[in-house]
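One structure is given here, and the rest of the page talks about it.
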Amino acid sequence: MGIVETAEGRVPGRRPSTTHATIVGVALDLFARNGYEATSVDQIAEAADISRRTLFRYFPGKAAIAWGEFDVQIDGMRRRLADIPAETPLREALADALVAFNTFPDSETEVHRRRMRLLLSVDELRAHSTLMYADWSSAVAEFVAARSGESEEGLLPAAVAHAALGIALSAYRLWVAEPDADQPRLHALLREGTQILA
């Protein structure tokens, strides 16, 4: 039997419901404490009070856990881009989209910094990033293509998508390297970076 958290403490009962966020939070704590490489999927499942099989219903592997629900966030980014008025200049539209995509509750700042340090420094996660960034770049390319009348694979949409990804990654590298950098600092770096866009 699992245990349920109540105001009076932990009591025998039904196992608490599992969410993607719960598993990610547990995994990030273990990665920070033990290191990414030294943390196994079995350890994550045990700490989350679920079976290994259940964990794999939420995530296909350890690398995916560090990314959380990135696909859901990309869907949200596509919706935000679609809602930007046509008269908004491209550079301003992309700056607003980058900031919106990289906005999170202030209470999660340190967790987000920890996650980004992992994603930027662990070889296995950097390899997995190629797949994740391809989806992100595709969302930007779709937006630019709709604006320019070109195909997604056209020079302008593809170049802007790659440039926007480079801006985001460069901003994050600076942000995680600055002790105690807050969310407004991240947003400022993102907006500064977009000045290179046409």
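Values quoted throughout were computed directly from the atomic coordinates according to the rules given, and no laboratory measurement underlies them. Small disclaimer: the values here were computed from a predicted structure and weren't measured. With ideal geometry, Cβ positions are generated from the backbone for all residues, glycine too; neighbour counts draw on all protein chains shown.
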Discussion item. Could you tell me which residue out of THR109, LEU30, HIS162 lies farthest along the dipole of the chain toward its positive end? Charges go on the beta carbon: Lys and Arg +1, Asp and Glu -1, centred on the Cα centre.
Written reply: LEU30
Worksheet, complete the sentence: Quick calc, LEU156 & PHE56: beta-carbon distance into FRET formula, R0 41 Å, rounding 0.05, result 0.50
Worksheet item: Please state the relative contact order of segment 56-129 as a whole percent: Cα pairs under 8 Å, 6+ residues apart?
Response: 42
Worksheet item: Mind checking which of ARG91, ARG147, ARG80 has the largest fluctuation in a GNM of the chain, springs on alpha carbons under 10 Å?
Response: ARG147
Practice prompt. Would you mind getting me the FRET efficiency between THR103 and ALA38? Use the beta-carbon distance for r and R0 = 45 Å, nearest 0.05.
Written response: 0.90
Fill in: Descending Cα extents along the principal axes, segment 156-198, whole Å
37, 14, 12
Worksheet item: Taking the Cα centre of the chain as origin and charging only Cβ (+1 Lys, Arg; -1 Asp, Glu), how large is the dipole, in debye to the nearest 20?
Response: 420
Fill in: the chain, relative contact order [Cα under 8 Å, separation at least 6], %
17
Response to the item:
When the chain is treated as a Gaussian network with springs between alpha carbons less than 10 Å apart, the largest mean-square fluctuation among PHE104, PHE31, PHE70 is found at PHE104
Worksheet item: How far, in degrees from 0 to 90, does helix 183-193 lean away from the longest principal axis of the Cα atoms of the chain, to the nearest 10?
Response: 30
Worksheet item: In whole Å, how far is the Cα centre of segment 153-198 from that of segment 44-100?
Response: 17
Fill in: In degrees, nearest ten, helix 109-121 long axis to first principal axis of the chain (Cα)
80
Worksheet item: Suppose R0 equals 30 Å; then what is the FRET efficiency for LEU165 and ASP29 from their Cβ-Cβ distance, rounded to the nearest 0.05?
Response: 0.60
Worksheet, complete the sentence: With +1 on the Cβ of every Lys and Arg and -1 on the Cβ of every Asp and Glu, the dipole magnitude of segment 67-139 about its Cα centre, in debye rounded to the nearest 20, is 200
Worksheet entry | Top of ILE74, ILE44, ILE84 by mean-square fluctuation, Gaussian network on the chain, Cα under 10 Å | ILE84
Item to complete: Compute the long axis of helix 155-177 from its Cα atoms, compare it with the longest principal axis of the Cα atoms of the chain, and write down the angle in degrees, 0 to 90, nearest 10.
Response: 50
Discussion item. Given an 8 Å cut-off on Cα distances and at least 6 residues of separation, report the relative contact order of segment 19-95 as a percent.
Written reply: 30
Discussion item. Quick check: residue separation of GLU178 and ALA47 times 0.36 nm, minus the Cα distance between them. What number comes out in nm?
Written reply: 44.1 nm
Worksheet item: What is the Rg over Rh value, at two decimals, for the chain, using alpha-carbon atoms and the Kirkwood definition of Rh?
Response: 1.03
